[in-house]
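The values are calculated or read from the model by the stated rules, or taken from the named source; none is laboratory data. As the structure is a computational prediction, the values presented were derived from the model and not from experiment. No Cβ is skipped: glycine too gets one built from the backbone with ideal geometry, and neighbour counts run over all protein chains shown. Accessible surface is based on the protein model in full, side chains and every heavy atom, while ligands, DNA and RNA are left aside. Shrake-Rupley method; radii C 1.70, N 1.55, O 1.52, S 1.80 Å.
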Amino acid sequence: MALTRGAGLWRTCSRFLSIKPLLSPPAVRTQSSVSGDLVPRTSLSSPPWPEQTVLVPEEEEQSRHAAVVSTVNQRIHRQDFGRLFAVVHIAGRQWKVTDEDLILLENHIEAECGDRIRMEKVLLVGAEEFTLIGRPLLGQDLVRVEATVIEKTDSCPRIHMKFWKRHRFQRKKVIIQPQTVLRINSIELAPRLT
């Protein structure tokens, strides 16, 4: 009974009130002839150059690819590329390395001091004139990055202290992490790209 009385009261009150939208006029979006996003077109929302959807024919793209590969092969054959660099993934991090670089890893690896290791996860190799990018990794037959384990040690102690004033609460934690130092011996490219 109370439910129907409430519904009848609502109908009675809504007759006396003029029918208006519940939202104020500025909050209601008026329809316009302009269709599109609510974000204004600025240099940040769209590029300043005109959008171009010109597709390169397949034959022309293959000829460009062959020209680039032959140029890189000529540089590799002449050893005319200067100092190589590589981006390797080791111990959960990515490192940009060149010959004779030292890397400080924040954990121990399986190798002993003095062992030579080969880094298998190479993401990128480059020189001054060209860069070879893996998707996601370069093949092991294409590039070879070798390193030597120089030192395995622990880090200097770091103190992590928690202290709440007026609560007699103190916690002191000494953090010592294992460390490994690697020296990059060589970065070698395959004699020819395919």
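Some observations on this one:
- Verdict on SER33 being modelled with pLDDT under 70, open to solvent by less than 60 Å² (accessible area, probe 1.4 Å) and out of contact with any Asp or Glu (no Cβ under 7 Å at 6 or more places or on another chain): no
- Any hit, region 113-129, residues being at positive phi, in contact (Cβ under 8 Å) with a residue 40 or more places away in the chain and either of a type in the set (Phe, Trp, Tyr) or assigned to a loop (DSSP other than H, G, I, E, B) (or both): no
- Complete set of residues in region 109-148 that are under 28 Å from the mean Cα position of the chain (by Cα) and farther than 26 Å from GLY82 by Cβ: ILE109, GLU110
- Residue list for region 175-194, restricted to those being part of a strand (DSSP E or B), farther than 17 Å from LYS121 by Cβ and open to solvent by 50 Å² or more (accessible area, probe 1.4 Å): ILE175, ARG183
- Flag for VAL72 being among the β-branched types (Val, Ile, Thr), in contact with a strand residue (DSSP E or B) (Cβ under 9 Å, 6 or more places away or on another chain) and either farther than 30 Å from ASN185 by Cβ or not in a loop (DSSP other than H, G, I, E, B) (or both): yes
- Of all residues in region 129-163, those being acidic (Asp, Glu) and more than 17 Å from LEU193 (Cβ to Cβ) number 3.
- Any chance LEU105 is buried (at least 16 other Cβ atoms within 10 Å of the Cβ), within 28 Å of ARG75 (Cβ to Cβ), at pLDDT 95 or above and in contact with a strand residue (DSSP E or B) (Cβ under 7 Å, 6 or more places away or on another chain): no
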